[in-house]
Amino acid sequence: MKKLFGSPKGLKKNQIRRLENLYRRRIPPEFLITPELARDTCRLSHEIRRQIGLLINRQGKIVFIIIGNHHEIVIPQTLEYRLAPDRLKGLRCVHTHLDNEALTRDDLTDLALLRLDIMSVITSTKDGEPDNIHIGHILPKNKEGVPHQVLPPIRLHQLNIGCLELIQALESELSFSKSAYDSETGAERALLISVTRASKISAQASLDELKDLALSCGIQIAGTVLQHRHRYDTKYLLGMGKIKELTILALQKGSTLIIFDQELNPSQIRSITDHIDIKVIDRTQLILDIFAQRAQTREGKLQVELAQMKYLLPRLVTKNTAMSRLTGGIGGRGPGETKLEINRRRVRERIAQLEISLKQVRKYRKLQKAKRNKNNLPVISIIGYTNTGKSTLLNTLTKSSVLTENRLFATLDPSSRRLKFPKDIEVIITDTVGFIKDLPKDLQVAFQATLEELESADLLLHIIDISNPRFKEQVDSVNKILIDLNLNIIPRINVLNKMDLVEKQAIQSLSRQLDGTPISAVNESTLGPLVNKIQEAVCK
């Protein structure tokens, strides 16, 4: 391991040698630092007029010696010491201050950001001798919401503070604080972040949808943060100061995960995860993770894996901290690090294999289409925003039992059923994957085989949840996707679902505005007008 971190420029050979000699010292577990080591470090710091920092592990071994400037030290990355969300870093930092100041705001921010065991500062007298030792540590939970506690300063003869016992007690408290948040199933607890230039109403609607997506994925919501910016930070999306605030907030809320509403590019993922010590994902990866949970058929699993691989490929620049967040999804779903092997060539090979497999799926689908065409059966496809009641309508119309749940993307794999109308007309009716705003491009491409089903449809039933306050935005999103897929030329019936949850006057107004047929998909008696419209459209 590299002993010295920072620039030794301007130091004499004997000063560098003395710094390296510090590296060989051992600290007893009950001591923050030994008086002799504190004295030697302080004297050398005074001599070179630069701050010196020591990173010490729990065995009392110095793993890094940091050479700073007069005003600060820069703590290096210590990836091998990355621990679980309910654990501290396993390292304490003891460093010198030359201007007789106690723990600074930057010191305390680093303490919280890096989840250090302890942050400590040694101040010195005019002669370069140790004066006061200031100690701060993370405070898992307190009424004021401050994530750290600063202890009263101590002197050189008081360094036996029961250091290891103190750290273990803090970790026990941190673990207990986290367990108070955890559900019995051990669900992730996420802080949701939106950095946007959109209007407040639009941004809040998008953040609310992100919350629904997270809940649909089985994630608990610790809190939400909405930040408006005129210009996105190209490196971090939001400012570095805000990232520090978020990390401290995540610590206070017991969060194990931060989810961004905006898609993060590979550079931003790496930059943010280099500074934040908990898992960070974006909206796209959250959707991919939901798809990985829900896909049941071989086709669906192939499509999801293909989308995940294409998402990960540009992010495989190096095996840095970002990879531990990206590979394997939120709960280890998807390709995973073992299968991925962090190798671009192998990922490309796997993508090629998946695309070949999906071509075979498309061939099989074409055979199915040809068979249906031979029987001359009209095809009706149910489309709409996710969680608007498409599967429920299919079940009610055909007396079937396709999975229905009140969560986003309950249906991923298309289901087809035969339906016979009173006039002895028989059709194939198909349920499809739900649409969503800003559907990731990789998913659009990966699910092309599924969406190709819509191309052969004779009629589209566009299900609209009129009880949802954001239904107009949802309609616009569906229309945009239909245009992108060149499906807007297929005849369409707008179906206004959940009429039982809306006032009658509003239903009449919406029926005129949207040229739609109101129904309640759970109530068969309301489907008469819709069935008549379908028959008329099919018989044309």
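Readers should treat all values here as calculations from the given coordinates under stated rules, not as data from a laboratory. None of these values were measured; they are calculated from a predicted model. Cβ coordinates were reconstructed from backbone atoms using ideal geometry, including for glycine residues, and neighbour counts include every protein chain displayed.
Observations on the model:
- Length gained when the stretch Ile490-Asn100 is fully extended (0.36 nm per residue, less Cα-Cα span): 132.8 nm
- When peptides 424-434, 347-357, 458-468 are ranked by their average number of other Cβ atoms within 10 Å per residue, the highest-first order is 458-468, 424-434, 347-357.
- A full extension of the chain between Thr234 and Glu426 corresponds to an added length of 63.5 nm, given 0.36 nm per residue minus the alpha carbon distance.
- Averaged over residues, the count of other Cβ atoms within 10 Å places the peptides 36-49, 281-294 in the sequence 281-294, 36-49, highest first.
- Taking each of Lys310/Lys498; Lys366/Lys390; Lys89/Lys301 in turn, the alpha-carbon distance tops 30 angstrom for Lys310/Lys498; Lys89/Lys301.
- Mean Cα-pair separation over length for the range 4-181, i.e. relative contact order, pairs under 8 Å, 6 or more apart, %: 21 percent
- Modelled spin labels at Asp515 and Leu226, positioned 7 Å past Cα toward Cβ, are 3.4 nm from each other.
- Annotation: peptides 125-136, 187-198, ranked by per-residue average of other Cβ atoms within 10 Å with the highest first, follow the order 187-198, 125-136.
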